[in-house]
Amino acid sequence: MSRTRTALLAAMALVAGATGTAFAVDPGSAGIAAVPCTVDYKIQNQWSTGFTAAVTVTNNSAAKSSWSLKWSYAGNQKVTSGWNAKLSQSGAAVTAANETYNAQLATGASVSFGFQGSYSGNNAIPATFTLDGVTCNVDDGGPGGPTDPPDPGGPSTRVNNPYEGAKVYVNPEWSANAAAEPGGSRVAGQPTGVWLDRIAAINGAGGKMGLRAHLDEALRQKGSGELVVQFVIYNLPGRDCSALASNGELKADEIGRYKTEYIDPIKAILADPKYASLRIVTTVEIDSLPNLVTNTGSRPTAVPQCDVMKANGNYVKGVGYALNKLGDVPNVYNYVDAGHHGWIGWDDNFGPTATIMKEAATAEGATVNDVHGFITNTANYSALKENNFTINDTVGGKSVRESKWVDWNRYLDELSYAQAFRNQLVSAGFDSNIGMLIDTSRNGWGGAARPTGPGATTSVDTYVDGGRYDRRFNAGNWCNQSGAGLGERPKAAPAAGIDAYVWMKPPGESDGSSKAIPNDEGKGFDRMCDPTYTGNPRNNNNMSGALADAPVSGHWFSAQFRQLMQNAYPPLS
């Protein structure tokens, strides 16, 4: 299709969003014979919870003895009843097939049908229609003229798993830091996430690349294939209410700034047609929503600032706004942070966390269809799979759940947690096709301390502690953990329900400083990053397990990176 005609269709689609009609190309216009079919999708009536629509399909190809039209909704529209076609729906995908009395569709002939549907939020016109597998309203390169290269501004259809069949972006800045370390060249080519952790990071701060610079480099790395580029959206007002090391620049009530100075500029850049060929994965707001469940109210782990954020609703509003705006970009894949098993795996956290995820995903104009999936273990250390014991094991008549380490949790590791939490999220109302990501950047726990088999059965604690790979004092320890190692290398579709293992946290970037360090990034000092700290209720009053001499969060920590390579599992060659 020529760029002129593509722009015309795009312009008409914008008009359609305002008027409730999707206009087909005029069959009399020059060269239209190359358009195999046209679709006129018109919203006739609309009210707060529902609508009626009329659809007319024109066949410009060979005569048909039966036909099937398909489209997908970007929102949560549901077809409830129809006429003059057999309508069915699976998730967002709708199929309209002929009735026996209108199965014949001659060349140049049209057929019309209608339906009633429900919706909430935005009732957007579908972007793409296919008739018997052929895309309508698009030049097929036939008699009307040759097909031009795809217009980067045209509509895009998301794939089920963006990581499959794609390379993943290697951040040249992280890669250079890794390569400069002894032996670092072994991992310097691995893909990692790019953290947009303050407003200044959008345009680049402190000599670092900004968002456009990363996207331009991603286009260069992409070549002729597919490429995923990963960004962490991380700047909520009152950010990380329970962890001072990663507090952000925006105050608790600055939701307006979050929207206009942070999310809106990011959305504008990601929506640039120049970048439409990239698969852009956004990891949305680490550690925010789970804090509202576990660290509020009368719980012993409650933090006053988390109560403030629950009361003002700005975590829910901010996440909803980010999902809504970024979800409007056709090649953006939103993954929401879902904590980790050592945080959310208990019965009183598991269901409520999924519920608040649904609340955020339907706030500020967002819908569950703006969520492509969820990510667990981001910037954390929980082992991917504990192989030396199971949650069903008993020792001396006691379940492993009674051990001090497991502490009545339902899950031992991230893989079992991610797969189970995915099911919980679907039950809470998310699409059944959502995928999970697991951050494996620092959960390898290899090296000389890695157990080779189960622990002694003298007690349930010796059994668990002797066999567990995760060597932390407590699963609540999160800052620059001593003894940690690189985990599984990033890979696509490694297990059922898992879209990818990723290194969303770049290994070697500090979690927080070991002592107070003045900075202009809004980052405080958290005692959990102090190796002398004896703990709090969130880690059952254990030692912090943190490495000494750490810099401010996000800054390069050479000693940590070297330790991660030394303790990598699978080991580095």
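Given axes a ≥ b ≥ c from the Cα gyration tensor, I'd like to know whether region 163-248 is rounded (a/c under 1.5), prolate (a/b larger than b/c) or oblate. Judged from the Cα gyration tensor, region 163-248 comes out prolate (a/c at least 1.5, a/b above b/c).
Residues whose amide H lies under 5 Å from that of W195, counting only those 5 or more places away or on a different chain, are V232; hydrogens are built 1.01 Å from N in the peptide plane. Coupling constants for region 448-463 follow from the phi torsions by the Karplus curve (6.51 cos²θ - 1.76 cosθ + 1.60, θ = phi - 60°), and in residue order they are 5, 7, 6, x, 9, x, x, x, 5, 8, 5, 7, 5, 6, 5, 5 Hz; glycine and proline get x.
Could you give the semi-axes, largest first, of the ellipsoid that matches region 450-522, computed as the square roots of 5 times the alpha carbon gyration tensor eigenvalues and rounded to whole Å? List each step's numbers first, then the result.
On the way: eigenvalues 172, 101, 19 Å².
Working through the eigenvalues yields semi-axes of 29, 22, 10 Å.
Ordering S399, A166, L437 by the projection of their Cα atoms onto the charge dipole of the chain, which places +1 on the Cβ of Lys and Arg and -1 on the Cβ of Asp and Glu, puts S399 at the extreme positive end. A cut-off of 5 Å between modelled amide H atoms, ignoring neighbours fewer than 5 places along the same chain, links D526 with A245, S513.
Over the chain, calculate the relative contact order: mean separation of alpha carbon pairs under 8 Å at least 6 apart, over the residue count, as a percent. Mind showing how you got there, number by number?
On the way: 1322 pairs, mean separation 64.3, N = 573.
So the answer I get is 11 percent.
Size descriptors for region 380-484: radius of gyration and Dmax over Cα atoms are 14.9, 46 Å.
Share of carbon and sulfur in the accessible area of the chain stands at 52%, probe radius 1.4 Å.
Each residue of region 55-67 is assigned a 3J(HN,Hα), and the resulting list reads 10, 10, 10, 10, 9, 9, 9, 4, 4, 10, 9, 7, 8 Hz, derived from the Karplus form 6.51 cos²θ - 1.76 cosθ + 1.60 (θ = phi - 60°), x at Gly and Pro. Region 245-337 gives an Rg/Rh value of 1.04, both radii derived from C-alpha positions and Rh following Kirkwood.
Where the alpha-carbon atoms of region 191-309 are placed on the principal axes, they occupy 55, 24, 24 Å, in descending order.
Calculated from DSSP H runs of 4 or more alone, at -39500 (n - 2.57) each and per residue, what is the 222 nm mean residue ellipticity of the chain, nearest 500?
Details: 13 runs with 128 residues, N = 573.
Calculated at 222 nm, the ellipticity per residue is -6500 deg cm²/dmol.
At the listed q of 0.06, 0.12, 0.13 Å⁻¹, the Debye profile of the chain, built from one uniform point per Cα, gives log10 I(q)/I(0) equal to -0.34, -1.15, -1.30. The alpha carbon centroids of region 470-545 and region 430-454 are separated by 14 Å.
Pull up the DSSP beta bridges for the chain and report the antiparallel fraction as a percent, rounded to 5. All intermediate terms of the calculation are to be shown ahead of the outcome.
On the way: 48 of 76 bridges.
Antiparallel bridges: around 65 percent, rounded to the nearest 5.
Close amide H partners of Y333, meaning residues 5 or more places away or on another chain with modelled amide H under 5 Å apart, are I280, V281, T282.
With respect to the chain, whose longest principal axis is taken over its alpha-carbon atoms, helix 211-222 is tilted by about 80°.
Report, in debye and to the nearest 20, how large the dipole of the chain comes out about its Cα centre when Lys and Arg carry +1 and Asp and Glu carry -1 on their Cβ.
Details: 46 positive and 52 negative charges, 69 e Å.
Rounded to the nearest 20 debye, it is 340 debye.
The largest accessible area among R299, R422, R442 belongs to the first residue in R299, R422, R442, and the rest follow in falling order (1.4 Å probe, all chains). For region 270-393, the Kirkwood radius over C-alpha pairs fed into Stokes-Einstein at 20 °C and 1.002 mPa s yields D = 136 µm² per second. Based on protein heavy atoms only, the chain ends up with 39 Å² per residue of surface accessible to a 1.4 Å probe.
Could you pull out the trypsin sites (Lys or Arg not before Pro) across region 491-537 that fall in loop regions by DSSP (anything but H, G, I, E, B) with no more than 16 other Cβ atoms inside 10 Å?
Working: sites: K491, K515, K523, R527; in loops: K515, K523.
Counting only loop positions with at most 16 other Cβ atoms within 10 Å, the trypsin sites (Lys or Arg not before Pro) in region 491-537 are K515.
The values are calculated or read from the model by the stated rules, or taken from the named source; none is laboratory data. Quick caveat: nothing in here was measured; it's all calculated off a predicted structure. For neighbour counting, all protein chains shown are included, and Cβ atoms are generated from backbone atoms with ideal geometry for every residue, glycine included. Accessible surface is based on the protein model in full, side chains and every heavy atom, while ligands, DNA and RNA are left aside. Shrake-Rupley method; radii C 1.70, N 1.55, O 1.52, S 1.80 Å.
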